[in-house]
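Notes follow the structure.
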Amino acid sequence: MKIIKFLQYIKEELDTPENLVEMRLKELKNKIDKIFDYDVQVSDDQVLKPEELEKIDSDKLSLRDLGIELESSEISKYSKLHDSLTVKFSDDQNTYTLIIMIDLKEAINSNNDEEGDEEKDSDMKQPEDIKECYIKFKKYSLDKLSEIIGQITKTVKIDKIDEDFFIDLKIELDEKFGSDEDFEIETE
């Protein structure tokens, strides 16, 4: 039998709901940071040139095409009910804030088996088991940063958050609350 000092026991990483949500938010943060990293790599040592990049995705709209740049992405764990990831990005006219909140209830094991503790331990949740999050997407003018132009709130699947999700969300917010410029895609 191994004896563990109390201080080591307290510092031991346990799979608490808070830790599971934090791990899921870190995964999501890394994914979002990669979305806004415009240096697409073919291999570890070869980076595509801009003209080659246009040839790859010429038929697909990207955040780069919209002129969107990432300003920051930060995880906050100060709320007792929701941990969150705040992503701030902007284009040449507006700045946007996306707040992704995961309720700690999402990480709590929902199985109410009465078969015993061994069954509950084998069904421990993993970060991938957290499927949904609540988002607030806000749009501000660069001229008046304290004034919100528009806001969308909804519950979404975490696995659906990708580059297309950001583009669709931006277009939805621009259509709902107006945009200074009309967005059109011209084809030949």
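Data for the structure
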{"quantity": "Cα-projected label distance for Lys77 with Asp159, points at 7 Å along beta-carbon direction, nm", "calculated": "2.6 nm"}
{"quantity": "Glu172 versus Glu132: modelled label distance in nm, points set 7 Å from Cα along the beta carbon direction", "calculated": "1.5 nm"}
{"quantity": "Footprinting exposure proxy for Thr16, Thr95 (fewest neighbouring C-beta atoms within 10 Å first)", "calculated": "Thr16, Thr95"}
{"quantity": "Ranked by how many other beta carbons lie within 10 Å on average, peptides 142-153, 125-136, 82-93 from highest", "calculated": "82-93, 125-136, 142-153"}
{"quantity": "Sites Lys88 and Asp65 - FRET efficiency at Förster radius 35 Å, r taken between beta-carbons, to 0.05", "calculated": "0.95"}
{"quantity": "Euclidean distance of C-alpha centroids, the stretch 130-177 and the stretch 78-104, integer Å", "calculated": "9 Å"}
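Computed from the coordinates by the stated procedures, all read-outs in this text should not be read as laboratory data. Keep in mind that this is a model prediction, so the values were computed, not measured. Note that we place each Cβ from the backbone using ideal geometry, even for glycine, and neighbour counts take in every protein chain shown.
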